[in-house]
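Asker: Okay, handing you the structure first.
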Amino acid sequence: MFCKAALEAPMVLPFGYGEDVCFVANDWHSGLVPVMINKVYRPQGKYTNAKCAFTVHNIAFQGRFWPTPMSDLGLPESAAADFFFEDAQGKMYDERSPKKDGEIDSSPKGKFKKDNWMKAAFINSDRNITVSMNYAKEISGSASKGVELNTIINATGGIEGIVNGMDPTEWNPQTDKFLDVTYDKNTVAMGKAAAKQALQAEVGLPLDPAAPIFGYIGRLEEQKGCDIMMEAVPKLLKQCPNAQVIILGTGKKSMEKQLEKLDKLSPKMAGVVKFSNPIAHYITAGADFLMVPSRFEPCGLIQLHAMQYGTVPIVASTGGLVDTVKEGVTGFHMGAMDPDALVADDVEAMVDTCVAAAATYGTPTYSKMSSTCIAQDLSWRKPAAKWEAVLEEMMYSSGYGKKQQVITPKEELESPMSVAR
């Protein structure tokens, strides 16, 4: 119904019907749009010149369902081959029945035939796009990162990555309504010092301006590497006795309980199990480092928010985190995390990286990194130009899009390490 409505709207709304319609379908939920254009509308002489770009924000969610008659989807039976998918994960659940938190999967194992909406979208779209260049390489490069669709991606012309921008109205240290002292790139040190004091007071940490604060904001789940972080924090506090940690989030109940225990671990550890927009802003401005230990991260916005405030991100080396954070310039990389299991090497890598970052705090190296972070243009200005170019090229085959280039933060930045020496 949703996809059908999207296709019918241009023909009835007052902006008028035209053949040169450019559709952008986002994720499996709108994956029927390119299929319907090819299988239903074009055979009727409609949308003969229309084009559709299909955008993937997280390839783990593909729209895998038990096979259904194509007529139920408003499609001819000839479209069934585009949906056919043999699920090698050997699990019986589909998008309508996800496993609950803590539930043991007792369903029969084996290979099951499914309908895969994302697969059909890839096959029928005119251009496949995702939210960062590195994530595009990852999901087209292996079955594990591509969640069994890497061969389809490569067979249908590949996939292009365009890094997301961020909202500079909601996240802007110059105008942030939650900050007592707003600041910009020229006053970042003073502004962050005031924000740190406010953060410490808000969450009950000791008022210590010399303490490096490590923050986390986000869902409490394995994808975000929270199990790795929970194991790393006690070791970090032991190795850096003057450090402080603040974690804000909700998610899996088991991790919420673990965070509540961590909150009682030390007076230098604060765990806040709730959603709080004000505290999120306090952390973004008042923390010195923001931890992002994700197992996979198609693009990520939290590291962009941090850098916008002069807060240095410490990230896992995956997806868009590779494209947006440059080692030793705008942040620190802890390496790629094991995608499936909690392993000691990942915990140690996170601890070691945080300890190394803490060693820069209070030095010219940190000041330069913070200043470099906040000086970037992380808005949608450059990504929007890239999007426009790609859609222009798709629609008119003009080659215009090839002349455009998104300059990611790591391409124009000077390393502060040489400056500090």
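A short reminder: the numbers here are calculations on the coordinates, not readings from a lab. Here the structure is a predicted model, which means the values were calculated and not measured. Please note: Cβ atoms are built from the backbone with ideal geometry, for glycine as well, and neighbour counts cover all protein chains shown.
Asker: If you take the Cα atoms of the stretch 300-403, find Rg, then find the Kirkwood Rh from the mean of 1/r over all pairs, what is Rg/Rh?
Answerer: My calculation of the ratio gives 1.11.
Asker: Follow-up question, since we're still on this one. Return the long-range amide H neighbours of ILE314 (sequence gap of 5 or more, or a different chain), with a cut-off of under 5 Å between placed amide H atoms.
Answerer: HN-HN under 5 Å from ILE314: LEU290, MET291, VAL292, PHE332.
Asker: Regarding the chain, what is the average projected area of its C-alpha convex hull, in nm²?
Answerer: 22.3 nm²
Asker: Taking the chain as a Gaussian network, where each spring joins two C-alpha atoms under 10 Å apart, which residue of SER371, SER125, SER71 fluctuates the most?
Answerer: With Cα springs under 10 Å in the chain, the top fluctuation among SER371, SER125, SER71 is at SER71.
Asker: I need the shape label for the stretch 205-252. Rule: rounded when a/c is under 1.5, else prolate if a/b > b/c, else oblate, with a, b, c from the alpha carbon gyration tensor.
Answerer: Oblate, since a/c reaches 1.5 and b/c is not below a/b.
Asker: Further question on the same structure: Provide, as a two-decimal number, the C-alpha radius of gyration of the stretch 111-165 over 2.2 N^0.38 Å, N being how many residues it has.
Answerer: 1.13
Asker: Next up: Along the Cα→Cβ direction, 7 angstrom out, place labels at GLU256 and SER371. What is the inter-label distance in nm?
Answerer: 4.4 nm
Asker: Along the three principal axes, how long is the stretch 135-223 when you take its alpha carbons, biggest first, rounded to the nearest angstrom?
Answerer: 56, 27, 20
Asker: Give me the one-decimal nm value for the distance between modelled label points at GLN197 and PHE275, 7 Å along each residue's Cα-to-Cβ direction.
Answerer: Placing both labels 7 Å along Cα→Cβ, they lie 3.3 nm apart.
Asker: Once you sort the root eigenvalues of the Cα gyration tensor of the stretch 240-374 as a ≥ b ≥ c, which label holds: rounded (a/c under 1.5), prolate (a/b larger than b/c) or oblate (the other case)?
Answerer: It is rounded, given that a/c, with a ≥ b ≥ c, falls under 1.5.
Asker: Something else now. In vacuo Debye scattering of the stretch 179-313, one point per C-alpha: log10 I(q)/I(0) at q = 0.14, 0.19, 0.20, 0.23 Å⁻¹?
Answerer: Debye output, listed in q order: -0.58, -1.08, -1.20, -1.54.
Asker: Dividing the alpha-carbon Rg of the stretch 233-278 by 2.2 N^0.38 Å yields what?
Answerer: Against the empirical 2.2 N^0.38 Å value, I get 1.17 for the stretch 233-278.
Asker: Here is a follow-up. What does the net charge come to around GLN197 if you take all other residues with beta carbon closer than 14 Å to its beta carbon, with K and R at +1 and D and E at -1?
Answerer: -2
Asker: Using 0.36 nm per residue of separation minus the Cα-Cα distance, give me the extension gain between SER78 and LEU342 in nm, one decimal.
Answerer: Length gained, SER78 through LEU342: 90.6 nm.
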